[in-house]
Amino acid sequence: MQEATTVTLEAIIKEGKKDTFLQFMENGLGLTRAFKGFHHISIHIEEDSNHVLFFQKWDSKEAHQSYVKYREESGVLSELLELFENEPEVKYYKCENV
């Protein structure tokens, strides 16, 4: 059985947009959780900061990229990016089981 892929996304939420960001995520995560290949997502905001970390598990990098493409095509991704000061940094990790 293939090990799930861990995906992280890090960004800085624009000043004064933290509540808007949290509401946006709450409204949209139902669809994320129902997407094929999805396992888990948690969102963490650094204390006394607007630095956000998304921690996700997907079947594979390809499953996550399919999800991102869907969100791009629907326009939701551009709405999310408007809430960030910077281009988000996305990384993919495989568990080595050592």
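Please treat every number below as a calculation from the coordinates, not as lab data. Here the structure is a predicted model, which is why all the values come from computation and not from measurement. Virtual Cβ from ideal backbone geometry, glycine too; neighbours counted across all protein chains shown.
How much net charge surrounds Arg71 when only the other residues with a Cβ under 14 Å from the Cβ of Arg71 are counted, with Lys and Arg +1 and Asp and Glu -1? Result for the local shell: -1. For Lys69, a cut-off of 18 angstrom between C-alpha atoms picks up these lysines, skipping any fewer than 8 places away in its own chain: Lys36, Lys57, Lys61, Lys91. Only Lys, Arg, Asp and Glu carry charge here, each on its Cβ (+1 for the first two, -1 for the last two); on that basis the chain has a dipole of about 440 debye about its Cα centre. Considering only GluC sites (Glu not before Pro) in DSSP loops that have at most 13 other Cβ atoms within 10 Å, the longest stretch of the chain without any of them is 48-81.
Per the Cα gyration tensor, the chain maps to an equivalent ellipsoid with semi-axes of 23, 16, 11 Å, ordered largest to smallest. Between Glu26 and Tyr70, the modelled label-to-label distance comes to 2.4 nm, taking each label 7 Å out from Cα in the direction of the beta carbon.
Compared with the alpha-carbon gap, the fully stretched path from Leu77 to Asp48 is longer by 7.9 nm at 0.36 nm per residue.
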